[in-house]
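Colleague: Before anything else, here's the structure in question.
The values are calculated or read from the model by the stated rules, or taken from the named source; none is laboratory data. In this text the structure is predicted, and so the values were computed from the model without any measurement. Cβ: placed from backbone, ideal geometry, glycine included. Neighbour counts: every protein chain shown.
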Amino acid sequence: MHRSTIPERLAHILIASITVLLIAGCTSSRTSVPDSGADITVRRIAVLPFQQTSPSEVAVRMGGEPVILGEIGTDRPDGSPERITERIFLERQKALGQIQVVYPDRAGAAYLNAASGSFKMKTSEILRKMGSDLETDGIIVGYVYRWRERKGLAYSVEKPASVAFDIHLYRASDGVLLWRGLFDQTQESLMENMLQLPFFFKEKGRWITAEELTAAGMEEVCKTFPAKP
């Protein structure tokens, strides 16, 4: 059965239910959590190629060390979820215009060059050398955990878009995690979740694509990005 958005004229009636739904909670989440104990000063960042992985793999391997998965230099199709998410992040930083950015191709090459010195180097040491070579304050590592495209049309879907991504900002001088931005959301109708009311009006009642949902999430996440021009 197809699902369709509630007509806009009914939104005012549903507002009366918002208190109950606020108590019930929300199935989606948007978080952007700076490390309050870190001295955050970022004016120039290097963005490593984003990676597609699982949250459990990142969580297991972190242990205080930055997590780099797979081959940084591997070619990825332009339409892959990690490439799209990476592009949206870069576009957002360019629009904000607060910091200088070293783009993924150059950053990835610098990482591989720094890592080629020794197999025994810790990831934090590799990032420190990479940051020194590129003269950056911070290094971005991005992960895409889930990317499910909308199945259906803008006003009628069988399955809505669903995305989850995680962005880590490490201090280049020592590999300390300065900031983390996490977005995890599946679009829902107003009948399912009244907390989506602002989102409903912003998107004009449409069921949006995974790329559009990622862009909306990136805008939220980057609001607390610790940039200093």
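Colleague: When the residues of the range 81-123 are narrowed to those that are touching a residue at least 60 places away in the same chain (Cβ under 8 Å) and touching a strand residue (DSSP E or B) at 6+ places or on another chain (Cβ under 6 Å), which ends up surrounded by the fewest Cβ atoms within 10 Å (Cβ to Cβ)?
Modeller: In this case the residue turns out to be GLN98.
Colleague: Which ones in the range 34-71 are assigned to a loop (DSSP other than H, G, I, E, B), over 23 Å from ARG148 (Cβ atoms) and either at pLDDT below 70 or not hydrophobic (A, V, I, L, M, F, W, C) (or both)?
Modeller: Scanning the range 34-71 gives ASP35, SER36, GLY37, ALA38, ASP39, THR41, ARG43, GLY63, GLY64, GLU65, PRO66, GLU71.
Colleague: Sticking with this structure for a sec: Given the residues GLY131, GLY138, which is the only one that is farther than 29 Å from GLN185 by Cα and among the small types (Gly, Ala, Ser)?
Modeller: GLY131
Colleague: Restricting to the range 128-186, what's the tally of residues that are buried (at least 21 other Cβ atoms within 10 Å of the Cβ), among the hydrophobic types (A, V, I, L, M, F, W, C) and over 16 Å from the mean Cα position of the chain (by Cα)?
Modeller: The total comes to 2.
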